[in-house]
Amino acid sequence: MAATAKRIAVIDGLRGYFLVMMMSSHLIFQGGAMMLHLHHGELAFVEDAQGFVFLSGLVVGLTYCRILDRKGPAALTSKAWTRVGELYRLLLLTLAAVILAALVLPDGDRIWGWQLGLLGTAPLDHLGIAAALLYQPAYLDILPQYMIYLIAAPFIVRWTAAGHGPTIVAGSLALWMAAQVGLHLPVVAGLEAAVQSVDSGAALRSYFNPLGWQLLFVTGAVTGAAFQSGRLDLQRIFGRERLGLALIALGFAAVFAGIRIAHGIGLEGDLADRFYRLLRREDLSLVYVLNFAALGYGVGYLIANADTREVPRVLAMAGSGLRRFFAFPFFAFLGKHSLQVYAFHVLVAYAVVALQWYWGPFDEWTKSALVVAAWASLGIPATWHHLSQRREQARAAVLA
């Protein structure tokens, strides 16, 4: 039981960590900010959204499989649709807050021009496509695709629990490949034409391609459901006999780190041309998949073997340090309320842009203070949601 609790704490902590790093990724300052370089993305083609989507799938697989076992398929479907409704309301509230700020503040359309797009210049004319999840401001576009994944989650979990996890992953890979070669583009063009027929001048707007990014959620959900249903033995994946595989994965991650550093300072020549053809973040291209898989497995192996004598001492110590870092209480607290924190971080990112518009540019000390304040502010929605849950539990206990 203690080991399980530690694993869950690390999962929550990882989600919280990715939320904090996502906050950093979405803070924009004139001339940049030194504090924003404290980010794993400086050393890898692994970004916050990748980890967040995969871990969200993992948690869905774990929790939904327990619901399936205790209450049956109907409860599983009900849980998923209830969650989708909650997310949709959360998205609409966040969208309303951002648009209202753009309407009320002087120069709102100029402050958040590229973030809002048409919703900044003529928000009331395009509310319909925004509410239909077809036109999203910057940073909000991950929520609509997450809603799609949740709708598919009961099917994924039920089939995985029945032993068809490999089939689900194979289908997910097929969809990912379709996104890489552009098989979805005719459908996108048809959908965009339909949107323009009811909203002239509009277009589809969502940075992430759900067909590509679903690979992360699906593999996470299958992994979580397979583990929870007893079909996946973590010892076989992260056991001592897998040391060689872990070292290879960490070696791949080191190679990617070198390329990432070179990319940051301006990689040029034939190598750059070949590499950049494989670098499409919006579709979750091959580089992002391979780097995520290598780094994810390497870090997972280190954490799973922390403080053991079954691996070299330096690896055990590294794993212990990683486990303590990702189990940091603030990270774990954010991770337990991740979707509320995600929506709130969008408002903070927009607020920082406005502050800089009116009072910037800032010096490095002020930028650092704003970054730290933005990180700390993520505790506000987490605390609010935690207290709301406590109140609901208290009411339920009284009624019972």
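Rounded to the nearest 20 debye, the dipole size of the chain about its Cα centre is 1660 debye, using +1 on the Cβ of Lys and Arg and -1 on the Cβ of Asp and Glu.
Derived scalar couplings between HN and Hα for the stretch 212-228 equal x, 6, 4, 4, 5, 5, 5, 5, x, 5, 5, 4, x, 5, 5, 5, 5 Hz in order, rounded to whole Hz, by the Karplus curve 6.51 cos²θ - 1.76 cosθ + 1.60 (θ = phi - 60°), x for Gly and Pro. Taking the fewest neighbouring Cβ atoms within 10 Å as the starting point, the ordered list for Ser320, Ser172, Ser78, Ser197 is Ser197, Ser78, Ser320, Ser172. What is the local net charge at Ala343, summed over the other residues whose Cβ is closer than 12 Å to its Cβ (Lys, Arg +1; Asp, Glu -1)? Net of charged neighbours comes to 0. Taking other Cβ atoms within 10 Å as a rough exposure proxy, Lys367, Lys79 sort from fewest to most as Lys79, Lys367. Residue by residue, the stretch 179-194 carries 3J(HN,Hα) couplings of 5, 5, 9, x, 5, 7, 4, x, 5, 4, 4, x, 5, 5, 5, 5 Hz when phi is fed to the Karplus relation 6.51 cos²θ - 1.76 cosθ + 1.60 (θ = phi - 60°); x denotes Gly or Pro.
The amide H of Arg205, built 1.01 Å from its N in the peptide plane, has Tyr135, Gln136 as neighbours under 5 Å, considering only residues 5 or more places off or on other chains. Local charge sum around Gln180 (other residues, Cβ-Cβ under 15 Å, Lys/Arg +1, Asp/Glu -1)? With Lys, Arg at +1 and Asp, Glu at -1, the net is +1. Going from the residue with the fewest nearby Cβ atoms within 10 Å to the one with the most, Arg66, Arg323 rank Arg66, Arg323. At q = 0.09, 0.12 Å⁻¹, what is the log10 ratio I(q)/I(0) for the chain, with the Debye formula run over Cα points and no solvent? Debye output, listed in q order: -0.59, -1.10. With a cut-off of 11 Å between beta carbons, the residues surrounding Leu133 carry a summed charge of 0, where Lys and Arg count +1 and Asp and Glu -1. Counting only aspartates and glutamates at least 8 places from Lys336 when in the same chain, those with an alpha carbon closer than 15 Å to its own are Asp12. Derived scalar couplings between HN and Hα for the stretch 239-254 equal x, 4, 5, 9, 4, x, 4, 5, 5, 5, 4, 5, x, 4, 4, 5 Hz in order, rounded to whole Hz, by the Karplus curve 6.51 cos²θ - 1.76 cosθ + 1.60 (θ = phi - 60°), x for Gly and Pro.
Bear in mind that the values in this text are calculations on the coordinates, not laboratory data. For clarity, every value in this text was computed on a predicted model and none was experimentally measured. Cβ atoms come from the backbone with ideal geometry, glycine included; neighbour counts cover every protein chain shown.
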